[in-house]
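Working notes, beginning with the structure itself.
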Amino acid sequence: MDNAGLDDEQLGVLRARLERLRQELQQRLQREQALARESDSITEEVEAAEQTREQDDGILFAGHDRDRLREIERALQKMQTGRYGVSEVSGEPIPYARLLAVPWARTDSDEELSSPSGNR
């Protein structure tokens, strides 16, 4: 057993989930970029105002998606090095149930990660 005592089956489940989430986020970011390029052709004022609001929302969501994608990439990298599932605060194993809920978790649910991003 590697990665905080997780067995191969558990790691496989978590890896598949992380890879699926990564793919979904990448596709969503690509769609948002395509929509942003497409919106440049809008000329009517009302449509332009609505498009601006939608773009603002898209920028906010895209930022969140990019942050999440970085966390997922970090978790996948930690799997390769054998440090996945180990709390970055205590060094203790993160429970499997927590990893199922938040597969990119960097700490146990009752620990605080002292970083500006607040990702746990």
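See the values below:
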| quantity | calculated |
| --- | --- |
| Label point distance in nm, residue 74-residue 97, each placed 7 Å from Cα along Cα→Cβ | 2.5 |
| Calculated FRET efficiency for the pair residue 23/residue 110, C-beta based, R₀ 22 Å, to 0.05 | 0.10 |
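Readers should treat all values here as calculations from the given coordinates under stated rules, not as data from a laboratory. A quick note: this is a predicted structure, and the numbers were derived from the prediction, not measured. For neighbour counting, all protein chains shown are included, and Cβ atoms are generated from backbone atoms with ideal geometry for every residue, glycine included.
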